[in-house]
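Chemist: My structure is below; once you've seen it, I'll send some questions.
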Amino acid sequence: MRILYVVHGLPPEAVGGVELQTAQLAAALGREHAVGIFTVRADPTVAEYEVDEHVQEGCQVWRVNHRYTDLASFEGTYRNAHIDARFDAVLERWRPDVVHVQHLIGLSVGMLEGAKRRGLPLVLTLHDYWFGCPKGQRIREGLALCHDIDRQLCVPCLKPQNYELRAPRTSLGRWLRNLRAPSRRRGRRLLAAYDADMQRILALPDALVTPSEFHRGMYCRQGVDPARTHVIACGLPAAPGVPIRRRAGRPFRIGLLGTLIPSKGAHVLVEAYGLLGRPEATLDLHGAWVPFHGDTGYRERLEVRARALPGSIRFHGRYEPDAVPGILAGLDALVVPSVWYESFSLVVREGFLAGVPVVASGHGAMAEAIEHGVNGLLFRPGDADDLAAQLRRLMDDPALWERLATHPQRVASVADSTARHLALYAALQPGVMAQA
């Protein structure tokens, strides 16, 4: 089978959860099938829309350069005819048996239309809320969570700086970064067009995939057909060499792994550490600082707050995926304080595999993965006082700590995920679809 993936980045440059999952899936299937990957990059030394073709980990890779240098409208943040044309050329030349779109940030929704025009079986994984929320996380200024989509609240979010646009440092780039949100009337028109476009786009795939039941439910509330939607958990490799710690150490080591952006909630954890009042505890934050929807001061605010607190708080910066087992081996508690509704959370499962008790925000797919007091602890999202209380409970109750550290956890493997995806692709082949 010839399988073509579409994703917004690949390791080693991009090591987010979606990128890692796509790379693992492609590598696993590439042992027995022909696998291609169409992705995007933002190289200031390369001409806009130039396509680099190379082989990576046994997969044929096409990278289109896109830095939004010609962006002239809100629609341009999700639809681009130049990228559609480059993708169509790859479809014509490589002729895949199935196209699986993992994410389209920096690319174009027209790519799905192109695949369908050619009659290709099409799969779309919904990793976040990008097909209903232009910012992708259903979270607005002030970190207010949008449980329901209310377009009256969306207009202020329609500022180009909210979309991490990779515009160059030119007069155009400055113009984009300084644009204000449109008027309320014009904003509503833009969003109405966006909604109509996304509703039509979501109807194109032969199959939709979500990583959790929670996320499936959120999209079904948005109007997605549940009969076409499959829940396939993200697969993780085993964690060799990570000893299961049978007793919490002293000092008690609290840690966070993940991108340091406001929606991931590092500020909630820093505040909770300040409220903990336990000098025997340390806090280590591992992850890259990344600009978040125009908020360029988050790093400075967090570092200033950390320096003002007693105790030991360390920021370690970006880490590579193969460093995760070693980082987790040095922790007594892993905190996942996400403010937004995580659609899955790889970090929670990495903690499970390492035998490190996990304390997580009690909403989204994290609440689906964790039964409070049984295989982890949950706290009220965004509530630093409650997070501090759960950490105290974990520190003061060795029996609870050991029970959580040794509780049998169900974590899907890369092999599990690969097999389920391959079965889905096979079921969508023309002969099989005709018999169904």
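All of the numbers you see were taken from the coordinates with simple rules; none came from a lab. As the structure is a computational prediction, the values presented were derived from the model and not from experiment. Quick reminder, even Gly has a Cβ in these numbers, built from the backbone with ideal geometry, and neighbours come from all protein chains shown.
Chemist: Considering only the range 385-401, I want to know if a residue exists there that is under 30 Å from residue 4 (Cβ atoms) and touching a strand residue (DSSP E or B) at 6+ places or on another chain (Cβ under 9 Å).
Modeler: Taking every residue of the range 385-401 in turn, none turns out to be under 30 Å from residue 4 (Cβ atoms) and touching a strand residue (DSSP E or B) at 6+ places or on another chain (Cβ under 9 Å).
Chemist: Inspect the range 212-223 for any residue being crowded, with 18+ Cβ neighbours inside 10 Å and under 27 Å from residue 72 (Cα atoms) and give the result as yes or no.
Modeler: no
Chemist: Do any residues in the range 279-308 that are part of a loop (DSSP other than H, G, I, E, B) have Cβ atoms under 6 Å from those of residues that are buried (at least 17 other Cβ atoms within 10 Å of the Cβ) and among the aromatic types (Phe, Trp, Tyr), where the two are at least six apart or on different chains, and which pairs are they?
Modeler: Close Cβ pairs (under 6 Å, with a partner that is buried (at least 17 other Cβ atoms within 10 Å of the Cβ) and among the aromatic types (Phe, Trp, Tyr)) amount to 280/252.
Chemist: Read through the list (1) farther than 18 Å from residue 222 by Cβ; (2) in contact with a Lys or Arg (Cβ under 9 Å, 6 or more places away or on another chain); (3) not hydrophobic (A, V, I, L, M, F, W, C), then give the number of the only condition that residue 114 fails.
Modeler: Going through (1) farther than 18 Å from residue 222 by Cβ; (2) in contact with a Lys or Arg (Cβ under 9 Å, 6 or more places away or on another chain); (3) not hydrophobic (A, V, I, L, M, F, W, C) one by one, residue 114 breaks only (2).
Chemist: Search the range 387-400 for residues being touching a residue at least 12 places away in the same chain (Cβ under 8 Å) and of a type in the set (D, E, K, R), and hand back the single one that is farthest from residue 275 (Cα to Cα).
Modeler: Within the range 387-400, the match that is farthest from residue 275 (Cα to Cα) is 393.
Chemist: Quick one: is residue 60 within 15 Å of residue 35 (Cα to Cα) and surrounded by fewer than 21 Cβ atoms within 10 Å (Cβ to Cβ)?
Modeler: In short, yes.
Chemist: Restricting the range 116-140 to residues that are outside any loop (DSSP other than H, G, I, E, B) and touching a residue at least 60 places away in the same chain (Cβ under 8 Å), which is surrounded by the fewest Cβ atoms within 10 Å (Cβ to Cβ)?
Modeler: Per the criteria, the residue is 116.
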